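The structure follows.
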């Protein structure tokens, strides 16, 4: 899952980014409002963590800009301000959740996973497809009730697929949500990851849709 982290405090930003990456998130970092507005308007993200007190353009203005452009990206507002007026302004601008500093990173991770799950249309924390079960709150997979051991990249790919149900995930969308840095450099390895996943969950559970991308299926077992 790909997160846009907008935070101008470099030490805090690096700590949050490191913690999210340890939980298998892909993290893009913006340190001012103008960069955040541009990234959120032009790139694909599953969720955004947005500070209110930003240089160049404040967080509420960034959020309003995204919503005016029709961006439905789930947004968690993160700020040192704990006053009711700031919460009201954030939610009126289109925020989906609010977390005041100081906070526990574990809570941030749980809230982000919940936002991503709900944005994908899943009310329950456990998402299933055939023999696969994904606990969207814990970030864990099972196959036929047994824990599934995955690498970080395999986990990102399978998370993207299972949250879309049995609909096609465009190859480019999948790549942008899985890799950090230059996706053109890494894009050829997506087939390798898919091949490894097929060995772990069963070849018939991931369908290649020629010219488009991949689809998770209930399969035959």
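The values are calculated or read from the model by the stated rules, or taken from the named source; none is laboratory data. Source: prediction; values computed, not measured. Neighbour counts are summed over all protein chains in view; Cβ atoms, including those assigned to glycine, are modelled from backbone coordinates with ideal geometry.
Is at least one residue of region 57-66 closer than 30 Å to residue 150 by Cβ and modelled with pLDDT of 95 or more?
no
Could you say which residue among 173, 135, 186, 182 is modelled with pLDDT of 90 or more and either over 20 Å from residue 119 (Cβ atoms) or not assigned by TED's automatic domain parsing to the domain that holds residue 48 (or both)?
135 is the lone residue from the list that is modelled with pLDDT of 90 or more and either over 20 Å from residue 119 (Cβ atoms) or not assigned by TED's automatic domain parsing to the domain that holds residue 48 (or both).
I would also like to ask the following. Just one of the numbered conditions (1) free of Cβ contacts under 8 Å to residues at least 40 places away in the same chain; (2) surrounded by 19 or more Cβ atoms within 10 Å (Cβ to Cβ); (3) in contact with a strand residue (DSSP E or B) (Cβ under 8 Å, 6 or more places away or on another chain) is not true of residue 3; which one?
(1)
Scanning region 118-147 for residues that are outside any loop (DSSP other than H, G, I, E, B) and within 19 Å of residue 22 (Cα to Cα), which turns out farthest from the chain's Cα centre (by Cα)?
Let us first name the residues in region 118-147 that are outside any loop (DSSP other than H, G, I, E, B), namely 118-119, 126-129, 132-135, 140-143, 146-147.
Those left that are additionally within 19 Å of residue 22 (Cα to Cα): 134-135, 140-141, 147.
Details: 134: 15, 135: 15, 140: 15, 141: 16, 147: 22 Å.
Ranking the qualifying residues of region 118-147, first place goes to 147.
Another question about this same structure. Of (1) surrounded by fewer than 19 Cβ atoms within 10 Å (Cβ to Cβ); (2) more than 15 Å from the chain's Cα centre (by Cα); (3) in a loop (DSSP other than H, G, I, E, B); (4) modelled with pLDDT of 90 or more, residue 150 satisfies all except one. Which?
Unmet for residue 150, out of (1) surrounded by fewer than 19 Cβ atoms within 10 Å (Cβ to Cβ); (2) more than 15 Å from the chain's Cα centre (by Cα); (3) in a loop (DSSP other than H, G, I, E, B); (4) modelled with pLDDT of 90 or more: (1).
Look at region 81-117 and say how many of its residues are assigned to a loop (DSSP other than H, G, I, E, B) and touching a strand residue (DSSP E or B) at 6+ places or on another chain (Cβ under 8 Å).
Qualifying residue count, region 81-117: 7.
Any idea which of (1) closer than 21 Å to residue 29 by Cβ; (2) buried (at least 19 other Cβ atoms within 10 Å of the Cβ) is the one residue 86 doesn't satisfy?
(1)
Could you tell me whether residue 12 is over 19 Å from residue 80 (Cα atoms) and outside any strand (DSSP E or B)?
Considered against the rule, which asks whether it is over 19 Å from residue 80 (Cα atoms) and outside any strand (DSSP E or B), residue 12 comes out as no.
Still on this structure: What is the number of the single condition among (1) at pLDDT 90 or above; (2) surrounded by fewer than 19 Cβ atoms within 10 Å (Cβ to Cβ) that residue 161 does not meet?
That leaves (2) as the condition not met.
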